[in-house]
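The values are calculated or read from the model by the stated rules, or taken from the named source; none is laboratory data. Everything numeric here is computed off the predicted structure, so don't read it as measured data. Methodologically, a virtual Cβ is constructed for each residue, glycine included, from the backbone with ideal geometry; neighbour enumeration extends over all protein chains shown.
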Amino acid sequence: MAEQKKILRALAGETQKSPPIWMMRQAGRYLPEYRATRAQAGDFLSLCYNSELAAEVTLQPIRRYGFDAAILFADILLLPQALGADLWFVTGEGPRLSTITQQRQFDALKSIDDIHETLSPVYETVKILSRELPKETTLIGFAGAPWTVATYMIAGRGTPDQGPAHALKDENRALFEQLIDLLTASTIEYLSSQINAGAEVVKIFDSWAGSLKGEDFDRYALEPAKRITRAINERHPGVPVIGFPREAGDKYIGFAKATGVDCVAVDNSVSADWVAKHVQPDGCVQGNLKSSHMVTGGQALIDETRQIVEALNKGPHIFNLGHGITPDADPENVQLMIDTVRSFDT
Ligand code: CP3
């Protein structure tokens with residue numbers, strides 16, 4: 001029964017002695033079994049579009065650690081690709097895309113109805129997972145938030161300060177807003193299809209929300225998250241939404257109320273005590289151990305993990321990292337973190 005799942009109980013507002021736990025990028029290069037399957041697939045994008053192998057790497061960390069949630073193996077940049085952008089990954093550097101800085105480039109993108117042709121293998125991955133996951137494990141689907149995805153589409157790559165996206169916003173706001181609107185509407189369709197295929201929760205990754213200041217944050221981080229959440233609530237009542245406006249700082253306060261998300265994921269630039277005081281009163285929170293502890297381990301990992309659980313276990317909490325686990329992490333440190341979190345049950 002769904003209510004037995006620890007993640008869904010936390011998202012429904014239940015306080016638990018030990019929080020449910022999963023980890024951003026839990027399927028990834030720190031695991032030897034991931035590297036082997038990725039080699040079998042050929043490259044990262046081939047792995048994303050190979051439903052059997054994408055399901056396999058999603059399951060690997062569940063088998064190894066018994067996390068309370070599995071996150072669909074895919075990428076936030078598959079949606080721009082489905083909209084017609086070229087996408088490739090440069091080894092050791094990251095993603096590259098054809099850019100959108102002019103109206104004619106935007107006009108050449110596909111229509112929303114056409115995205116499913118490219119994305120259907122992702123829905124197939126979700127279907128396989130909902131058959132194969134243990135009954136206590138929650139399946140999380142996801143998409144990038146419109147602003148974060150737009151930063152990659154405008155610059156054609158990751159950028160330290162999202163400069164090109166800010167420049168387009170300031171120089172051609174009409175075009176910038178058309179892109180945000182297209183991404184908002186297509187993200188709704190993408191997440192809705194993941195839910196129809198079996199995703200039980202969806203998460204919106206706004207990794208670059210921190211560079212939106214003042215009114216821009218409200219217009220391009222809050223408003224799209226609110227539109228997406230409202231549409232998911234209408235079409236799929238009871239399916240929780242997690243928002244992750246990374247590095248939002250003070251803007252984490254009130255984010256759940258303003259957008260309607262069921263849970264706010266927080267990065268480690270804010271302390272767990274601060275989150276308990278300012279964010280958790282509005283509902284479930286997720287986070288926020290520093291990922292570097294997965295590299296360094298030891299007593300510091302144990303102390304910091306305990307401190308986060310103790311700060312947040314008076315309200316609904318899902319334990320996670322503040323950002324994704326890195327390739328140089330030691331798999332044994334992940335086990336140490338899990339054992340430390342679960343020791344609160346006894
Ligand atoms: O969390 C998971 O395990 C699920 C799968 C997942 C991936 N990317 C797999 C991936 C998720 C949820 C994402 C989200 C994602 N992708 C975000 C938002 C979250 C965040 O990290 O801030 C962003 C910004 C991207 C775009 C992206 N994908 C970048 C910038 C990179 C290159 C950087 C890197 O880590 O190599 C990727 C590649 C990527 N996405 C990998 C994985 C496992 C590494 C690819 C490989 O195997 O070489």
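Residues that are without any contact (Cβ under 8 Å) to a residue 40 or more places away in the chain, assigned to a loop (DSSP other than H, G, I, E, B) and within 16 Å of the ligand (Cβ to nearest atom) do occur in the stretch 273-290. With a requirement of 3 or more residues that are out of contact with any Leu (no Cβ under 9 Å at 6 or more places or on another chain), the helices (runs of 4 or more DSSP H) lying completely within the stretch 139-227 that satisfy it span 163-171, 173-197, 214-217. Here is a list of conditions, (1) more than 16 Å from the ligand (Cβ to nearest atom); (2) outside any helix (DSSP H, G or I); (3) in contact with a helix residue (DSSP H, G or I) (Cβ under 6 Å, 6 or more places away or on another chain), and Ala311 meets all of them except one; can you say which number that is? So the condition that Ala311 fails would be (2). The set of residues in the stretch 162-179 being under 15 Å from Phe217 (Cα atoms) and either in contact (Cβ under 8 Å) with a residue 60 or more places away in the chain or surrounded by 13 or more Cβ atoms within 10 Å (Cβ to Cβ) (or both) consists of Gln162, Ala165, His166, Lys169, Phe176, Glu177. Of all the numbered requirements in (1) hydrophobic (A, V, I, L, M, F, W, C); (2) touching a residue at least 60 places away in the same chain (Cβ under 8 Å); (3) in contact with a Phe, Trp or Tyr (Cβ under 9 Å, 6 or more places away or on another chain), Leu321 misses one, and that requirement is (3).
Out of all the residues in the stretch 311-320, is one or more at pLDDT below 95, over 18 Å from Pro61 (Cβ atoms) and more than 19 Å from the chain's Cα centre (by Cα)? Checked the stretch 311-320: no residue is at pLDDT below 95, over 18 Å from Pro61 (Cβ atoms) and more than 19 Å from the chain's Cα centre (by Cα). How many residues are buried (at least 20 other Cβ atoms within 10 Å of the Cβ), assigned to a loop (DSSP other than H, G, I, E, B) and away from the ligand (no atom under 11 Å from the Cβ) if we restrict to the stretch 1-49? Here the count works out to 3.
Here is a check on your reading of the model: is Leu72 surrounded by 15 or more Cβ atoms within 10 Å (Cβ to Cβ), within 19 Å of the chain's Cα centre (by Cα) and within 10 Å of the ligand (Cβ to nearest atom)? So that I can check it myself, show each step before the final result.
Values: surrounded by 15 or more Cβ atoms within 10 Å (Cβ to Cβ): yes; within 19 Å of the chain's Cα centre (by Cα): yes; within 10 Å of the ligand (Cβ to nearest atom): yes.
Judged against the criteria, Leu72 is a match.
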